[in-house]
Amino acid sequence: MSHPSSKLAPALLAALLAAAVPVLAQAPPAPPASPAETPPSPAVAPAPPEPAALAPAKLPAVVAKVNGHEIKKDELLAQVKGVSGTGDGSLNAAYVRQVLDTLIARTLFRQEALAQGLTVTDDEVKKEIDSLRGQFPSPDAFTKALAAEGMNEQQLLERARQEFLVQKYVETKVASKITVADESVKAFYDQNQDQMKVPERLHLRHILVGVEPTASPEDKQKAKAEADEVLAKLKGGGDFAALAKEHSDDPGSKEKAGDLSWIAQGQTVEPFEKAAFALKDQEVSGVVETRFGYHVIQRLETQAAGVVPFDHVKERIRTFLKQRDTQQALQAEIQALRAKGKVETFI
């Protein structure tokens, strides 16, 4: 099991705070595409314009003010760090402004949260920092990860406190007011039947004797002989799960009795797919060669093509609608706070 790199302080902080305002920088989800909306052919579509660029050195020291609070260039650049620019050290201007809008929104929410008396306790912050620290092999590795990015634990605590305050505002003042009625869920399901269709799927399991495509003929022959042996044992009444655990080189399925769950056409390599779809339920294939090696496949059961039952997807639809409505409410809240405050941008 791998541990976080010592250069991950910003990424880890982002992970720690990811739940805070996950939608501030996102547009609401796109509605289902209409079948009539056919995009232009790439052969006739105009080439996209080159993105405008910003040179970091030319950015002002203060990039924005939110009700007098300064958002500094260094804070902005820290947020865009790791995003590729235009190749000459400059940054995509549209992306930089999008990040700045997010910083402005967080500042507005934080200010409004304080104005309304919301607080974040030391225990709340400490609990999350302790959880983050536990992802490292040692406390010293955690400290070094922060130091590598010019941050100490106290600074991380303070930044976390500020972002959790934003999270609390979003959750209590915006998201908590969003409800999705059962009628809305059913209406979405009924109006988007095309998105509810599923193709024929097979429940499969397999045993893979792996061999590299560049392996020598001798190594390939040895792997094929092992696969033949596995097949013979299965035909003689051998236990598929036990043989998978003993022989399979597929780490994702060997401990699950070789189970690959449900597979539709187009999800696997062609020789594997052709062999699997030619089987009957409970039937075991011969040895099938793919670029991964030699497989023995069993088709367990079949799910016919059709429409997913409403009960199977209603909670996923509800979650989607809740996220969409929350994003829209957040955007409206941001606009309202900007309108009643004073926001100045200098880029």
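Quick rundown of the values:
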| read-out | value |
| --- | --- |
| Pairs, first in the same structural domain as Glu283 (by TED's automatic domain parsing) in segment 216-233, second buried (at least 16 other Cβ atoms within 10 Å of the Cβ) and assigned to a helix (DSSP H, G or I), C-beta under 7 Å, six or more apart | Glu226/His247; Val230/Leu243; Val230/His247; Lys233/Leu243 |
| Condition met for Arg324 (touching a residue at least 24 places away in the same chain (Cβ under 8 Å), buried (at least 17 other Cβ atoms within 10 Å of the Cβ) and under 30 Å from the mean Cα position of the chain (by Cα)) | yes |
| Test for Ala336: is it without any contact (Cβ under 8 Å) to a residue 12 or more places away in the chain and assigned by TED's automatic domain parsing to the domain that holds Glu70 | yes |
| Selection count, segment 88-116, where residues are in contact with a strand residue (DSSP E or B) (Cβ under 9 Å, 6 or more places away or on another chain), over 16 Å from Val174 (Cβ atoms) and either of a type in the set (A, V, I, L, M, F, W, C) or not assigned by TED's automatic domain parsing to the domain that holds Gly68 (or both) | 6 |
| Residues located in segment 123-155, provided they are in contact (Cβ under 8 Å) with a residue 60 or more places away in the chain, part of a loop (DSSP other than H, G, I, E, B) and closer than 23 Å to Arg106 by Cβ | Glu149, Met151 |
| Residues being crowded, with 17+ Cβ neighbours inside 10 Å and either assigned to a helix (DSSP H, G or I) or polar (S, T, N, Q) (or both) - total across segment 178-204 | 4 |
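So that you can scan it fast, the table gives a plain yes or no per residue for (1) surrounded by 15 or more Cβ atoms within 10 Å (Cβ to Cβ); (2) of a type outside the set (S, T, N, Q); (3) not assigned by TED's automatic domain parsing to the domain that holds Ile71:
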| position | (1), (2), (3) |
| --- | --- |
| Leu118 | yes, yes, no |
| Ser131 | no, no, no |
| Ser138 | no, no, no |
| Ala147 | no, yes, no |
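Every residue, every condition in (1) under 30 Å from Ala278 (Cα atoms); (2) in a loop (DSSP other than H, G, I, E, B); (3) among the acidic types (Asp, Glu); (4) at pLDDT below 90, yes or no:
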site: Leu157; (1), (2), (3), (4): no, no, no, yes
site: Ala160; (1), (2), (3), (4): no, no, no, yes
site: Thr172; (1), (2), (3), (4): no, no, no, no
site: Ser176; (1), (2), (3), (4): no, no, no, no
site: His206; (1), (2), (3), (4): yes, no, no, no
site: Ala215; (1), (2), (3), (4): yes, yes, no, no
site: Lys224; (1), (2), (3), (4): yes, no, no, no
site: Ala227; (1), (2), (3), (4): yes, no, no, no
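The values are calculated or read from the model by the stated rules, or taken from the named source; none is laboratory data. What you see is a predicted model, and the numbers here were worked out from it, not measured in a lab. Neighbour counts run over all protein chains shown; Cβ positions are idealised from the backbone, glycine included.
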